[in-house]
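The structure appears right after this line, and notes come after that.
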């Protein structure tokens, strides 16, 4: 199967080029979206996972019969592909042990060609499957849930609580969208406060913390936090709902800021059918590698006040946060966020075609548009 000449092959080439452009955008110091290195560095980690998934999927189509893309919605691979990849990762060792090694398969291919004077299609498929399983076993992939990691720890001098920055990834099964969450949390657990907060109200330097740490730094809450992320990261949930659920489910965790990076939709002339006008324009772009458009959204919600806990003889109420929703902005109110940004990345040739068709204002309305030309990104066009 010549995947490079097929629509799916061109799709893989385009998505790889789009991810190249997004990484280039993230790494630039004067990027208008990321005012410091935190968000960009975190998102890059998940882009690397996504690349690993696409590399494995591309290997898989050399022997598998089908590969589904969410053509009319996200433009990303359907969730079933993500589940199959995760299952294959778990089964890779067993399946590889039951197969001949690579050198043996190659010798059998040569023997087949010499004896049969024909192409060894079945053996080629076996070799492709072996290469696929080896890549799945060795590489990092974007799983249905990429478990949380704690990447920074400090102390809030006002509350004298440990302060964590935690991130996790989630591939939504309904919207077929990869997403990244970044949470800033204070921890009022007594044992963690005593261990991590020094007498001067700063981080206790005598405690060695080998960052990053897999999971939430607080070990007594780590498994529960993993379960929370698995159940509360769906695209259909507003960010205010996620933050409020987190606040209610953990009496000693206090979410001060929550961000959600939503990658997609992705538009491609040969595969997706999002919008008739854009699809037709992209189909007219001369070079196939430039017939795409990538969008992403960054949402944010933050706490503006913490209601103190109240306790008495008959129980009480833990401290709870109040989150700011920008009701002056209709879209912010609908999304349940304090603020949001939409961005679009498009090859220069595709942008020229959209502009020449008089559709630029309509297509990019509400987006900060960035044009990729060679190894440069023209930002905020």
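Each reported figure results from applying straightforward, stated rules to the coordinates on display, with no laboratory input. Being a predicted model, the structure only gives us computed values, none of them experimental. Positions of Cβ are backbone-derived with ideal geometry, glycine not excepted, and every protein chain shown enters the neighbour counts.
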TODO: Report the residue, chosen from 336, 102, 169, that carries the largest GNM mean-square fluctuation when the chain is represented by alpha-carbon nodes joined by springs under 10 Å.
DONE: 102
- [ ] Only bridges with both residues in the chain count here: give the DSSP antiparallel percent, nearest 5.
- [x] 90 percent
Open item on the list: I'd like to know how the stretch 184-224 sits against the 2.2 N^0.38 Å rule of thumb: what's its Cα Rg over that expected value?
Closed with: 1.19
Task: Descending semi-axes in Å of the chain, equivalent ellipsoid built from Cα gyration tensor - done: 42, 29, 17
Task: Where N is the number of residues in the stretch 247-381, Cα Rg divided by 2.2 N^0.38 Å - done: 1.51
- [ ] Mind jotting down the distance between the C-alpha centroids of the stretch 147-182 and the stretch 189-235, whole Å?
- [x] 11 Å
Open item on the list: With 10 angstrom as the radius, rank 238, 272 by how many other C-beta atoms surround their C-beta, starting from the fewest.
Closed with: 238, 272
TODO: Give the relative contact order (percent, whole number) for the chain; include only Cα pairs under 8 Å separated by 6+ residues.
DONE: 15 percent
Open item on the list: Compute the distance from the alpha-carbon center of the stretch 331-381 to that of the stretch 109-143, in whole Å.
Closed with: 41 Å
TODO: Calculate I(q)/I(0) for the stretch 174-260 by the Debye formula, one identical point scatterer on each C-alpha and no solvent, and give its log10 at q = 0.11, 0.14, 0.19 Å⁻¹ to two decimals.
DONE: -0.36, -0.57, -0.95
Open item on the list: I'd like the orientation of helix 7-27 relative to the chain: the angle between its Cα long axis and the longest Cα principal axis, in ° from 0 to 90, rounded to 10.
Closed with: 40 degrees
- [ ] Quickly estimate the mean residue ellipticity at 222 nm for the chain, helices only: each DSSP H run with n ≥ 4 gives -39500 (n - 2.57), and the total goes over all residues, rounded to 500.
- [x] -13000 deg cm²/dmol
Open item on the list: Just to be sure I understand: with springs between alpha-carbon atoms less than 10 Å apart, which residue in 340, 364, 119 has the highest mean-square fluctuation in the Gaussian network model of the chain?
Closed with: 119
- [ ] Go through 285-291, 303-309 and give me the packing order, highest mean Cβ count within 10 Å leading.
- [x] 285-291, 303-309
Task: Sorted peptide list for 244-252, 42-50, criterion being average Cβ within 10 angstrom, highest first - done: 42-50, 244-252
TODO: For the stretch 1-154, would you read off the P(r) tail past 28 Å as a percentage of all alpha carbon pairs?
DONE: 34 percent
